[in-house]
Every structure is written in C-alpha cells, then in structure tokens.
Amino acid sequence: MDHDAIDNYCVETTQPEPDLLLELVDKTYTDMGYPNKLSGRTIGRALKLLAKIHQPKNALEIGMFTGYSALSIAEGMPEDGKLICCETNPRAIEFAQSFFDRSPFGNKITPIFGPALETIQTLEGPLDFVFIDADKRNYLNYYEAVLPLVRSGGLIVIDNSIWQGRVLSPEENSDIAVDAMNKRIAEDPRVENVHLHVRDGLNLVIKL
C-alpha cells in the first residue's frame, strides 16, 4: 500500500479549509522556517470537527506555530469560547496574530509567549479541550501537567503521536518521550483513549 497516496487521497476527499487558512499555509511556506510543523488539512479539519462536536468554552493549545491549528479549533468553538495558545517563538506569534486579526474566529484566541509548562502552572481550569503539538521531548510532561486541569469529560488531542514511526524503536529523547506518553495514557485509569493512525498519529483522550 502506498501510504503517501492514501494520505493525499484523504486530503483530497476532505472538505477544504477557509481561504484565509490556505493563505496562511502559503505564507508559512514562503516566510517561515520549518513549515512542515503545520497540522495540514486532515488534522486541521479533524480539530475543527472535534471542537464543533465538543463545544469547549475553555481550551488550551500547546505549540501554536503560525496559528493554523488554533484557527481550526476556534472555528469549531462556540462564540464565547476562549483558546489560550502557548508558543515560544515570538516571530511565529506575530505571524499568527496577523491572521487572527483577519479571521472571524481570531477574537477567541489568546497567544501566550513562554515555555508551556510555566504557562500551564498559571492556569486555573477547568479546561474542556487541550491540543498538544509542541516539542516532543516534553510530551509526557505536558500530558501530566494538563490532566489535573481538564474537567471530567474533557478532551485531550495529541498530534504526532506516532512520531514518524520512531515510537516502534525509540532511541532519541523525543522518541522515548512520545512512546512513554502513549504507554502511560493506555494504562492510565483516569482516562479513556483511542490512538489513531491518522497522518503522523492522533491520540484522542477523554478524562473520566
């Protein structure tokens, strides 16, 4: 099976994102380094759909980059929803804010500069929805830090949970951390989860 062809087929048969997000993608590729950090259509539309189903009032994103996933989540949130985004790259925040300012959903988003683990310590909760997509070495730390703040029935969505297949034979710190998080979640009595092979992996976790 040609997995790249299957991925492309899934993208082609998923309804497209708004034009502003398509522009954001193009500008990210021309103006920013590491454009492969973008979530992409299938993950972005999945986030929007999950938020639309879950209707979170208070949400958190760990790892905002240029704002593609944040705008996708905000699009599905209720009008009075609030999304806090953690990001350590000031240039990425400035870039993302320029698109938030032009989006009908951007008023729901508040970027916060600084290490996410420090920002999480300042939050009171309860959180209804969390999206984790930042440095992989801290994946288990992010999961453990946010879980106490998530309400019962709250949703945690974790991207890159397959980590390009490296979880099968973890060697580097990032591989080990992602694998440890996945195994922790599978054994954690506080949650229920399903781990999906979508793009680079999507681990969906509900707090009990």
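The values are calculated or read from the model by the stated rules, or taken from the named source; none is laboratory data. Computed from a predicted model, the values in this text were never measured in an experiment. Positions of Cβ are backbone-derived with ideal geometry, glycine not excepted, and every protein chain shown enters the neighbour counts. What goes into the accessible areas is simple: the full protein's heavy atoms, side chains included, and nothing from ligands, DNA or RNA. Shrake-Rupley method; radii C 1.70, N 1.55, O 1.52, S 1.80 Å.
Couple of notes before you dig in:
- The one condition from (1) touching a Leu at 6+ places or on another chain (Cβ under 9 Å); (2) part of a helix (DSSP H, G or I); (3) among the small types (Gly, Ala, Ser) that Gly153 does not meet is (2).
- When the stretch 9-62 is limited to residues that are acidic (Asp, Glu) and under 17 Å from Pro104 (Cα atoms), the one that is surrounded by the most Cβ atoms within 10 Å (Cβ to Cβ) turns out to be Glu17.
- Picking from residues in the stretch 118-140 that are without any contact (Cβ under 8 Å) to a residue 40 or more places away in the chain and surrounded by fewer than 16 Cβ atoms within 10 Å (Cβ to Cβ), the one that is farthest from Asn173 (Cα to Cα) is Glu124.
- The numbered conditions (1) surrounded by fewer than 16 Cβ atoms within 10 Å (Cβ to Cβ); (2) in contact with a strand residue (DSSP E or B) (Cβ under 7 Å, 6 or more places away or on another chain); (3) aliphatic (A, V, I, L, M) are all true for Val157 except (1).
- Any hit, the stretch 77-91, residues being out of contact with any strand residue (DSSP E or B) (no Cβ under 9 Å at 6 or more places or on another chain), more than 21 Å from Pro126 (Cα to Cα), open to solvent by 60 Å² or more (accessible area, probe 1.4 Å) and modelled with pLDDT of 95 or more: yes
- Of the residues making up the stretch 166-201, those that are small (Gly, Ala, Ser), out of contact with any Phe, Trp or Tyr (no Cβ under 9 Å at 6 or more places or on another chain) and either touching a residue at least 24 places away in the same chain (Cβ under 8 Å) or outside any helix (DSSP H, G or I) (or both) number 1.
- Against the list (1) within 25 Å of Tyr34 (Cα to Cα); (2) among the acidic types (Asp, Glu); (3) open to solvent by 50 Å² or more (accessible area, probe 1.4 Å), the condition Asp200 fails is (3).
- Test result for Gly114, out of contact with any helix residue (DSSP H, G or I) (no Cβ under 6 Å at 6 or more places or on another chain), small (Gly, Ala, Ser), over 24 Å from Cys10 (Cβ atoms) and modelled with pLDDT of 95 or more: yes
- Residue that is farthest from Leu60 (Cα to Cα), among those in the stretch 86-107 that are touching a residue at least 12 places away in the same chain (Cβ under 8 Å) and in a loop (DSSP other than H, G, I, E, B): Arg102
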